[in-house]
Amino acid sequence: MSAHILVAEDDERQAQVLRMYLRSEGHDATIVHDGRAAIETARQLRPDLLVLDVMMPKVDGHDVCRVLRQESDVPVLMLTARSGEDHLLLGLDLGADDYMTKPYSPRELMARIRTLLRRVTRSAPAPADGVLRVGPITVDPLRHEVLGPSGQQVPCTRGEFAVLALMATEPGRVFTRRQVLDRTSGWDTSVSERTIDMHMMNLRKKLEPDPRCPQYLITVHGIGYKLTPGRGHEEGRLAQR
């Protein structure tokens, strides 16, 4: 399983070692070095898992976990140089899913990450009818059908459909091009990140009222793409509250 993992670690050398191990297992890794950046990046990227050091500048790991747990169920694996039981229990009480003390074995850390990712995969809810709905866009993986904002049926190539279906599983989440490639292209090494850009351009032509000013398929510069319900849909939903 390829995943996007956010590593919040103020020790740059340890962070780079973690990045190397994560990439060796096929994962994407985003690195931040303080707690405030961890919160902001987690909100933007919606990672599959957060590896969170406790002792960090600006906001410590416990406070990061407390904030994120109020708004997300992202798995959190905490790292700490303190080994006391009270310190460990505090992290778990705040909602951390696992805890490791430093120094740790990178191989053991990878094993813990694999366990957490398998747990998330097994527990991920699926729509009762299998149909994915993001605002006015509907994706039916079983029938290989897409309905656009006006209810019209939208013909898609196999690649376009795979990209759209992936993004529809987690509306609002930013997917990197590499993540999209890993999850939609399998072992087809002829597909490149440029291919993903082409799929997005074609999907915008088919789904967006104005492809030059997209409402649904949004570019997050320097990172990747996300699928959102659209401004009009969101405003209407808020007005009903």
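The values are calculated or read from the model by the stated rules, or taken from the named source; none is laboratory data. Computed from a prediction, not measured in an experiment: that's the story for all the values here. Positions of Cβ are backbone-derived with ideal geometry, glycine not excepted, and every protein chain shown enters the neighbour counts.
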Tell me whether region 218-227 contains one or more residues that are at pLDDT 90 or above and farther than 19 Å from Thr30 by Cα. yes
List the pairs whose first member sits in region 52-72 and is basic (Lys, Arg), whose second member is in a loop (DSSP other than H, G, I, E, B), and whose Cβ atoms are under 8 Å apart, counting only residues at least 6 apart or on separate chains? Lys58/Asp34; Arg66/Leu94; Arg66/Gly95; Arg69/Leu94; Arg69/Gly95
Of residues in region 20-39 being surrounded by 15 or more Cβ atoms within 10 Å (Cβ to Cβ) and of a type in the set (A, V, I, L, M, F, W, C), the one nearest to Leu181 (Cα to Cα): Ala29
Matching residues, region 110-132, being at pLDDT below 90, under 22 Å from Leu22 (Cα atoms) and in contact with a strand residue (DSSP E or B) (Cβ under 9 Å, 6 or more places away or on another chain): Arg112, Thr115, Leu116, Leu117, Val120
For region 1-92, list the helices (runs of 4 or more DSSP H) that sit wholly inside it and hold at least 3 residues that are touching a Pro at 6+ places or on another chain (Cβ under 8 Å) and at pLDDT 90 or above; which are they? 12-24
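Matching residues to (1) part of a loop (DSSP other than H, G, I, E, B); (2) in contact with an Asp or Glu (Cβ under 6 Å, 6 or more places away or on another chain); (3) not assigned by TED's automatic domain parsing to the domain that holds Ile218:
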{"residue": "Gly151", "(1), (2), (3)": "yes, no, no"}
{"residue": "Glu160", "(1), (2), (3)": "no, no, no"}
{"residue": "Pro171", "(1), (2), (3)": "yes, no, no"}
{"residue": "Gln179", "(1), (2), (3)": "no, yes, no"}
{"residue": "His199", "(1), (2), (3)": "no, yes, no"}
{"residue": "Leu203", "(1), (2), (3)": "no, yes, no"}
Applying the selection to region 129-139, what residues are buried (at least 18 other Cβ atoms within 10 Å of the Cβ) and free of Cβ contacts under 8 Å to residues at least 60 places away in the same chain? Leu132, Thr138, Val139
Scan region 135-142 and tell me whether some residue there is assigned by TED's automatic domain parsing to the domain that holds Pro209 and in a helix (DSSP H, G or I). no
For region 129-155, name all the residues that are hydrophobic (A, V, I, L, M, F, W, C) and within 18 Å of Arg183 (Cα to Cα). Leu132, Val139, Leu142
